[in-house]
């Protein structure tokens, strides 16, 4: 559900906007000044639409707009901003748009006009979500695509380095996947890939990540996780393939996976170094008969 931030230092204005939003069957969160509004927008679950009063203590609505605009250039986060103010001169309206506002409405305003502007904002936010999904998600499996998962790995390496916390990754490969495609066709292969990701996701925690690295190979990222714990989780994933076959029409497929695990432990490293060690561990698992998890001997420190 779309969430809307109401940022206004006057309680009467917040109450009026809150009632209007509730009538539209949407949820709102409120900030009493610009500083509180900015703090809310830094959260992982930040509202997607912002109703922002121009004149507020601590940080003006205009300054919050500028910060939102700068953040858009540096990350994938997106919030649709509607400035609300009594300023109505052309140069003031221009200043609001130049600061990064998406829309602008002057007081006193008609309730229906604001509702229409909110509906436009909702459509744009939904379009932005669809665009980000195309840019970041593999359309077949619903895993992150290669580019996106590598970007997230870089972010997790930086975070782990700053906080001196463990980070583990794994490379997972479906055993004999080429034979499935050759024997049963690519449509069955697609079903196998989709079901494989579903089983992987079902075994992961909410903050773990899985991306399709290429073909039937997947990169798994385990933040705040030691190599030993990642090894345990990957064996859980491996067992999920052993417990039940994958069904496709009258076809029953018994699949296994091989996994290579390595870990970074609060040291500076590069993503390709970690991936190289996980890949080596994966191919060691395959050389030893497949259907196993192999843990790299060393934690990567470069």
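Here, each number is a calculation from the coordinates, and none is a lab measurement. Quick caveat: nothing in here was measured; it's all calculated off a predicted structure. Counting neighbours? That spans all protein chains shown, and the Cβs are built from the backbone with ideal geometry, glycine included.
Here are some notes:
- Diffusion constant of the chain at 4 °C, which comes from Stokes-Einstein with the Kirkwood Cα-pair radius and 1.567 mPa s, µm²/s: 59 µm²/s
- By average C-beta atoms within 10 angstrom, highest first, the peptides 258-264, 80-86: 258-264, 80-86
- Extended-chain gain in nm, criterion 0.36 nm per residue less alpha-carbon gap, residue 11 and residue 243: 77.8 nm
- Kirkwood-type hydrodynamic radius, the stretch 96-171: 16.3 Å, calculated from all non-identical alpha-carbon pairs.
- Computed over the alpha-carbon pairs of the stretch 162-237, the distance histogram in 5 Å steps reads 3, 15, 25, 21, 14, 10, 6, 3, 1, 0 percent, short to long.
- Helix axis angle, 271-287 relative to the chain longest principal axis, alpha carbon, degrees: 30 degrees
- Potential extension, residue 44-residue 116 segment - 0.36 nm per residue separation minus Cα distance: 23.2 nm
- Mean separation of Cα contacts under 8 Å (6+ apart) over length of the chain, as relative contact order %: 14 percent
- Eigen-decomposition of the gyration tensor built on the alpha-carbon atoms of the stretch 3-136 gives equivalent ellipsoid semi-axes of 21, 17, 15 angstrom, largest listed first.
- Simple spin-label estimate for residue 206 and residue 155 gives 1.6 nm between the two label positions (7 Å along the Cα-to-Cβ direction from each Cα).
- Angle in degrees between helix 11-23 and the longest Cα principal axis of the chain, rounded to the nearest 10: 50 degrees
- Calculated FRET efficiency for the pair residue 27/residue 235, C-beta based, R₀ 51 Å, to 0.05: 0.80
- Computed from label points 7 Å out along Cα-Cβ, the spacing between residue 287 and residue 63 is 6.1 nm.
- Here the Kirkwood formula, the inverse mean of 1/r across different C-alpha pairs, assigns the stretch 146-300 a hydrodynamic radius of 15.6 Å.
- Under conditions of 4 °C and 1.567 mPa s, the stretch 82-222 yields 68 µm² s⁻¹ as its translational diffusion coefficient, taking Rh as the Kirkwood radius over Cα pairs in the Stokes-Einstein equation.
- Relative protection proxy for 5-14, 107-116, 132-141, 52-61, from highest mean packing down: 52-61, 5-14, 132-141, 107-116 (other beta-carbon atoms within 10 angstrom).
- Mean residue ellipticity at 222 nm, helices only, the chain: -16000 deg cm²/dmol; runs of at least 4 DSSP H residues each add -39,500 (n - 2.57), and the sum is divided by the number of residues.
- Extension gain, residue 273 to residue 123: 0.36 nm times the residue separation minus the Cα-Cα distance gives 49.8 nm.
- Helix 227-243 vs. the chain, principal-axis angle (Cα, 0 to 90°, nearest 10): 70 degrees
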